[in-house]
Amino acid sequence: MELEIITPEKTLYTGEVNLVQMPGIEGSFEVLNNHAALITILQEGKIKIKDNSGQTQFFEINGGVVEVLKNHVLILAEELIS
């Protein structure tokens with residue numbers, strides 16, 4: 001599935017992935033290929049992604065919104081400043 005992670009300042013990630021784990025307002029949840037359509041709010045925390053080569057990456061966000069539709073995941077996020 002295709003993933004985009006976008007902040008007001010820049011695009012953090014664009015690419016094909018197998019798994020996206022996100023910090024939902026009621027706890028962490030995962031999205032896999034062929035997930036049902038979804039729009040929800042994200043809280044502060046880490047986004048975990050596994051790309052098609054099996055590599056894992058993490059991105060820190062300060063909340064946001066995610067839309068899942070037809071194997072496309074769009075995360076509009078506020079990036080944490082470290």
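Key figures for this structure:
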| read-out | value |
| --- | --- |
| Residue list for the range 22-45, filter: touching a residue at least 24 places away in the same chain (Cβ under 8 Å) and within 18 Å of Glu78 (Cβ to Cβ) | Met22, Pro23, Ile39, Thr40, Ile41, Leu42, Glu44 |
| Those strands (runs of 3 or more DSSP E) lying entirely in the range 29-82 with at least 1 residues under 11 Å from the mean Cα position of the chain (by Cα) and over 14 Å from Ile6 (Cβ atoms) | 38-51, 56-69 |
| Residue in the range 62-76 that is of a type in the set (D, E, K, R) and touching a residue at least 24 places away in the same chain (Cβ under 8 Å) present | yes |
| Selection within the range 7-25 - basic (Lys, Arg) and part of a strand (DSSP E or B) | none |
| Criterion violated by Glu44 - all others in (1) surrounded by 15 or more Cβ atoms within 10 Å (Cβ to Cβ); (2) touching a Pro at 6+ places or on another chain (Cβ under 8 Å) satisfied | (1) |
| Qualifying residue in the range 69-82 (condition: in contact with a Lys or Arg (Cβ under 9 Å, 6 or more places away or on another chain), at pLDDT below 95 and of a type in the set (D, E, K, R)) | yes |
| Residue satisfying all of: in the range 1-27; exposed (fewer than 14 other Cβ atoms within 10 Å of the Cβ) and hydroxyl-bearing (Ser, Thr, Tyr); nearest to the chain's Cα centre (by Cα) among these | Thr14 |
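The values are calculated or read from the model by the stated rules, or taken from the named source; none is laboratory data. In this text, all values refer to a predicted model and were calculated from it rather than measured experimentally. Note that we place each Cβ from the backbone using ideal geometry, even for glycine, and neighbour counts take in every protein chain shown.
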